[in-house]
Amino acid sequence: MTTKTTKTTKTTKTTKTTKTPQPTHTTVLTDGNPMDAGEPLPSRTVILGVAESDAHAVANRLIEMQLRRHGIEVLNLGVCTPLREFADAFDAHPHAEAVIIGSLNGHAHEDLRDLPRLRAAGRIGCPVIVGGNLSVGSHKSEDDDERRLRALGVDHVLSDATQLPLLLDLLAGARRSTGPGEPGGGVHRVLAR
């Protein structure tokens, strides 16, 4: 009797994919956007969004990409974000370095009118950074805009988004050297216009 042996070779193709880790615990905000709520945050995390009356999304996404390239995790709440959603995000992520609010339609002051109440209640206990086109009209005064926003509890006003990573680095350095302390992180007017 003759035995014939046949060798079968199985070829498998392996492809490498990179996936963003998904949170294991999710809280859904009132607008339907998911928000990680139970996982420890990376060492550097910020909360980013666009002011309530503003639907400008492009700058928001560009800032998110810039910060991620800088090694900062971004919880992006998107456009038309009411202040209470920034506060809810801070409640869920109390170690966030900053709340960053963009406004391009010129109504930042009106959109942030409840900030003093939220700050007093401890709902936003980290530095608040605001940037963009902060007022309407042909005769704008950056100093007046900044003064009015600071009176509401804004810690830093930026006219150039490219300065944001530097400001966050300075705030992180101040926290490491002095502790968390005040919401502004102990850094005031660190970047000139």
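Restricting to DSSP loop positions (anything but H, G, I, E, B) with no more than 15 other Cβ atoms inside 10 Å of their own Cβ, which trypsin sites (Lys or Arg not before Pro) remain in the stretch 43-117?
Values: sites: Arg44, Arg61, Arg68, Arg69, Arg84, Arg113, Arg117; in loops: Arg44, Arg113.
For trypsin sites (Lys or Arg not before Pro) across the stretch 43-117 that sit outside H, G, I, E and B with at most 15 neighbouring Cβ atoms in 10 Å, the list reads Arg113.
Ignoring any ligand, DNA or RNA, what whole percent of the accessible area of the stretch 77-157 comes from carbon and sulfur when the probe is 1.4 angstrom? The partial results should precede the final answer.
Details: 1750 of 3440 Å².
In the stretch 77-157, the share of accessible area belonging to carbon and sulfur is 51 percent.
Provide the solvent-accessible area of Glu52, counting protein heavy atoms only and rolling a 1.4 Å probe, rounded to the nearest 10 Å².
Solvent-accessible area, nearest 10 Å²: 80 Å².
In Å², and per residue, what accessible area does the stretch 51-103 have when probed at 1.4 Å with the other protein chains present?
Working: 2250 Å² over 53 residues.
Accessible surface, normalised per residue, equals 42 Å².
Under the rule of at least 5 residues apart or a separate chain, name every residue whose amide H is placed under 5 Å from the amide H of Arg44.
Glu73
Please label the shape of the stretch 71-126 as rounded, prolate or oblate, based on the square roots a ≥ b ≥ c of the eigenvalues of the alpha-carbon gyration tensor (a/c under 1.5 means rounded; beyond that, a/b larger than b/c means prolate, else oblate).
Values: a/c = 2.04, a/b = 1.16, b/c = 1.76.
Taking the square roots of the gyration eigenvalues as a ≥ b ≥ c, the stretch 71-126 is oblate.
How do Ser135, Ser159, Ser43 rank by accessible surface area computed with a 1.4 Å probe, from largest to smallest? List each step's numbers first, then the result.
On the way: Ser135 15, Ser159 75, Ser43 115 Å².
Of Ser135, Ser159, Ser43, the descending order of accessible area is Ser43, Ser159, Ser135.
For His70, what accessible surface area do you get with a 1.4 Å probe? Give it in Å², rounded to 10.
So the heavy atoms of His70 present about 80 Å² to solvent.
Run the 1.4 Å probe and let me know the accessible area of Ile63, rounded to the nearest 10 Å².
40 Å²
Does the stretch 39-183 come out rounded, prolate or oblate by the C-alpha gyration tensor, with a ≥ b ≥ c the root eigenvalues, rounded set by a/c under 1.5 and, if not, prolate when a/b is larger than b/c and oblate if not? It would help to have the intermediate numbers written out before the result.
Values: a/c = 1.44, a/b = 1.33, b/c = 1.09.
Judged from the Cα gyration tensor, the stretch 39-183 comes out rounded (a/c under 1.5).
The values are calculated or read from the model by the stated rules, or taken from the named source; none is laboratory data. For clarity, every value in this text was computed on a predicted model and none was experimentally measured. Methodologically, a virtual Cβ is constructed for each residue, glycine included, from the backbone with ideal geometry; neighbour enumeration extends over all protein chains shown. Side chains are part of the model used for accessible areas, which takes the heavy atoms of the whole protein and leaves out ligands, DNA and RNA. Shrake-Rupley method; radii C 1.70, N 1.55, O 1.52, S 1.80 Å.
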